[in-house]
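Novice: My structure is below; once you've seen it, I'll send some questions.
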Amino acid sequence: MSIRILPDHLVNQIAAGEVVERPVSAVKELVENSLDAGALHITVSVEQGGKNLVRVIDDGAGIPAGDLVLALQRHATSKIGSLEDLEQVATMGFRGEALPSIASVARLDLASRHASEPHGWAVKVRQGLISEPEPHAIQAGTRVEVADLFYNTPARRKFLRAERTEFTHIDGILRRFALARFDVSWVLEHNGRTVMRHEPADTRSRQEKRLAGVFGEEFLPHAITVEEAQGGLSLRGWVAEPRYNRAQSDRQFFFVNERAVRDRVIAHAVRKAFADVLYHGRHPAFALYLELPPAAVDVNVHPQKQEVRFRDAHMVHDFLFSALHRALASVGAGAGMVRPGMPLTGTVPVERYGAGSSGQSRAQVNLGLPVSEQIAAYQKVLGAAAHQSPSGPAPDAADIPPLGFALAQLHGVYILSQNAAGLVLTDMHAAHERITYERLKSRAAAENIRSQRLLVPLNVQLSGGEADLAEQWRGQLAACGLVYDRSGPESVLLREMPALLAQADGARLLRDVLSDLAQHGDSSRVDAESHEILSSMACHGSVRANRQLSIAEMNALLRDMEQTERSGQCNHGRPTWVQLDLSTLDRLFLRGR
């Protein structure tokens, strides 16, 4: 065939293939237009899962009568006017493709009234033909109705799923919008029935109520508040402590400048922060909001604007990881679980609890012992604690530490203790494992990563790009214990490795590190491998099941838990302790009924 220009209607239908995949795509585009118009009240009504009807009504600025027809033209927008505007997009939409694309595959009715006009105007689009504007009775704002989606493209319509499936997608995206914009009221109706209603959340309690409506009531008791700012970046929101986790990643919401996104840099930073506190195969839950200058992020990299590209991905990654890492580190044994806001170390010195030997031994453990001897030193601490007796008067309820005082040992595995809230069960092996692991990590970090020279240098074959990357990162990797020289266009000569990883496969380790650097601009592979060894050392060196501990030993272990970061889980992600409050115990025994 000869070359020819496609008709506008066919061009719009082709564009609709990128913009409108299913009813939820139309909902997303229309709601984003409403938000950009400054709407504070948005109602979304759908029928048959959105296949028969999608209606979005807002109280935004409205469209002037003279712009009504123009708004339905392709690439017509009021949101950008130059390349400079495109490089710092601050609105949800900006391409001007949504309305004409939707109108090309559905029957679209558009009615709007600008605040400065006495009445509204309405137009209809059928088969790409736009009617003349007509006066229409409508309050200030805009109403868009999309009927019979894909009625003129049967091949596309037959790929739509069942009504329930399509509505589930719409319900999910409206919940994300509700989390993104607490200042907006949201209503979702399906087949004439209201299924979701959120009033504006202008206070923290109302925001948490909306959060519970999306996550479920069980999320908030486990939520940690995050609020960090650094170098033009700001992160706020909620992240669940590791013991609250999911089999799927369906409770993960991340917003960049109020836009819900999926991004590899973000995902990697989150995984790294949860690396040694989350049980294998489980997923964390969070609602996090990252704000940064619009010029620092490119939102024009995905047809549906679901992905972004950061100008400085390495800086964003490090900021997210450090913020989440600090938030998770603050969750020690009992923090926020027994009494909200209670400090990790309790309110009186640990010596008052009969754990003075533990406090003294902590100095001994850190007096320059090699990391391989720290476990044995700590076990001596517990042995010494057995001969100590509690000193000082018994503290009152206000002074009881988070994990309380030891009462007994159950089956040589669990420590039973009493705190202000009730009964605490502690897995002594898991608890000791976390304590030892954190001390080993601190010791290794203080000594830096020592390298060990290989007896015979290892020739590692790489691709040309990997060899160039290795040369570029040579100094940084040397600081991590990987010392090598470029030996050819596609090879390097590995001369030294981290001492802790002397038995590891050096070629595989280097290739994995370079792969991380190529993909994320960052690699924690050496740390991960080192921590795995330290984790194994901590596991094998911790107190074992069926070892009988004295009351003093148990109290010493509990006090150390309270002063150890991330002590709510062992380094394999298993919980170290469980709280049974008095109300729970009363329910078990039907007290008060």
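The values are calculated or read from the model by the stated rules, or taken from the named source; none is laboratory data. No experiment lies behind these values; they were computed from the predicted model shown. Cβ placement follows ideal geometry from the backbone for every residue including glycine, while neighbour counts extend to all protein chains displayed.
Novice: Can you give me the number of residues within the range 122-158 that are in contact with a strand residue (DSSP E or B) (Cβ under 9 Å, 6 or more places away or on another chain) and basic (K, R)?
Specialist: Selection size over the range 122-158: 3.
Novice: Filter the range 46-97 down to the residues that are in contact with a Pro (Cβ under 8 Å, 6 or more places away or on another chain) and among the polar types (S, T, N, Q) and list them by number.
Specialist: Within the range 46-97, Q73, Q88 qualify.
Novice: Here's something else I'd like to know. Would you mind stating whether V19 is farther than 15 Å from I57 by Cβ, surrounded by 13 or more Cβ atoms within 10 Å (Cβ to Cβ) and touching a Pro at 6+ places or on another chain (Cβ under 9 Å)?
Specialist: Numbers: farther than 15 Å from I57 by Cβ: yes; surrounded by 13 or more Cβ atoms within 10 Å (Cβ to Cβ): yes; touching a Pro at 6+ places or on another chain (Cβ under 9 Å): yes.
In short, yes.
Novice: Which ones in the range 476-496 are outside any strand (DSSP E or B) and either closer than 14 Å to V513 by Cβ or hydrophobic (A, V, I, L, M, F, W, C) (or both)?
Specialist: So the first thing to find is which residues in the range 476-496 are outside any strand (DSSP E or B), and the list is 476-482, 489-490.
Listed by number, the residues that qualify are Q476, L477, A478, A479, C480, G481, L482.
Novice: Exactly one condition in (1) under 27 Å from Q569 (Cα atoms); (2) buried (at least 16 other Cβ atoms within 10 Å of the Cβ) is not met by R259; state its number.
Specialist: (1)
Novice: Can you pull out the residues in the range 281-303 that are closer than 29 Å to E208 by Cα and either small (G, A, S) or not in a strand (DSSP E or B) (or both)? Please lay out each step first, then the result.
Specialist: As a first pass, look at the range 281-303 and keep what is closer than 29 Å to E208 by Cα: 281-294, 297, 299.
Hits for the range 281-303 are G281, R282, P284, A285, A287, L292, P293, P294, V299.
Novice: Please determine, by comparing only the residues of the range 236-278 that are assigned to a loop (DSSP other than H, G, I, E, B) and hydrophobic (A, V, I, L, M, F, W, C), which one is nearest to R176 (Cα to Cα).
Specialist: Kept after step one, since they are assigned to a loop (DSSP other than H, G, I, E, B), are these residues of the range 236-278: 241-245, 247-251, 257-258, 261-263, 274-278.
From what's left, hydrophobic (A, V, I, L, M, F, W, C): 247, 261, 274-275, 277-278.
Numbers: A247: 20, V261: 10, F274: 23, A275: 26, V277: 27, L278: 25 Å.
Ranking the candidates gives V261 first.
Novice: Could you check the range 38-77 and list, in sequence order, the residues that are on the phi < 0 side of the Ramachandran plot, small (G, A, S) and touching a Phe, Trp or Tyr at 6+ places or on another chain (Cβ under 6 Å)? Don't jump to the end; show me each part of the working.
Specialist: Of the residues in the range 38-77, the ones on the phi < 0 side of the Ramachandran plot are 39-47, 51-61, 63-74, 76-77.
When the remaining residues are screened for being small (G, A, S), the result is 39, 45, 60-61, 65-66, 71, 76.
Matches in the range 38-77: A65 only.
Novice: Here is a list: A140, A162, A106. Which entry is in the same structural domain as L53 (by TED's automatic domain parsing) and under 22 Å from Q13 (Cα atoms)?
Specialist: Step by step, each of A140, A162, A106 is checked, and only A106 is in the same structural domain as L53 (by TED's automatic domain parsing) and under 22 Å from Q13 (Cα atoms).
Novice: Could I ask something else about it? Name every residue in the range 46-83 that is assigned to a strand (DSSP E or B) and out of contact with any Gly (no Cβ under 6 Å at 6 or more places or on another chain), in order of residue number.
Specialist: Matches in the range 46-83: V46, E47, L53, V54, R55, V56, I57.
Novice: Next question. If only one of R547, R495, R559 is within 30 Å of F405 (Cα to Cα), among the basic types (K, R) and at pLDDT 90 or above, which one is it? Spell out how you get there, then give the answer.
Specialist: Values: R547 fails: at pLDDT 90 or above; R495 fails: within 30 Å of F405 (Cα to Cα).
Among R547, R495, R559, only R559 is within 30 Å of F405 (Cα to Cα), among the basic types (K, R) and at pLDDT 90 or above.
Novice: Looking at (1) over 32 Å from the mean Cα position of the chain (by Cα); (2) within 27 Å of N257 (Cβ to Cβ); (3) in a strand (DSSP E or B), which is the one condition that is false for T43?
Specialist: T43 satisfies every listed condition except (1).
Novice: Any chance you could count how many residues in the range 1-40 are touching a helix residue (DSSP H, G or I) at 6+ places or on another chain (Cβ under 8 Å) and either in a strand (DSSP E or B) or among the β-branched types (V, I, T) (or both)?
Specialist: 5
Novice: Here's a follow-up. Can you tell me which condition I14 does not meet? The list is (1) in contact with a strand residue (DSSP E or B) (Cβ under 7 Å, 6 or more places away or on another chain); (2) within 16 Å of I102 (Cα to Cα); (3) β-branched (V, I, T), and all the others hold.
Specialist: (1)
Novice: Name the single residue that is surrounded by the fewest Cβ atoms within 10 Å (Cβ to Cβ) among those in the range 209-223 being under 17 Å from the mean Cα position of the chain (by Cα) and touching a residue at least 12 places away in the same chain (Cβ under 8 Å).
Specialist: L220
Novice: Here's something else I'd like to know. When you scan the range 211-252, how many residues do you find that are farther than 28 Å from S185 by Cβ and of a type in the set (G, A, S)?
Specialist: 5
Novice: Related question: Going by the structure shown, is S523 among the small types (G, A, S) and modelled with pLDDT of 90 or more? Before the answer, list the steps.
Specialist: Numbers: among the small types (G, A, S): yes; modelled with pLDDT of 90 or more: no.
For S523, the condition - among the small types (G, A, S) and modelled with pLDDT of 90 or more - is not met.
Novice: Working carefully through the options A115, A147, find the one that is at pLDDT below 90, closer than 27 Å to V69 by Cβ, surrounded by fewer than 20 Cβ atoms within 10 Å (Cβ to Cβ) and in the same structural domain as L72 (by TED's automatic domain parsing). Write out each step before concluding.
Specialist: Working: A147 fails: at pLDDT below 90.
After ruling out the rest, the residue left standing is A115.
Novice: Which is in a loop (DSSP other than H, G, I, E, B) and among the small types (G, A, S), of A155, A178, A201, A212?
Specialist: A201
Novice: While we're on this one: Of the residues A229, A273, A267, A247, only one is of a type in the set (A, V, I, L, M) and surrounded by 16 or more Cβ atoms within 10 Å (Cβ to Cβ); which?
Specialist: Going through A229, A273, A267, A247 in turn, just one is of a type in the set (A, V, I, L, M) and surrounded by 16 or more Cβ atoms within 10 Å (Cβ to Cβ): A273.
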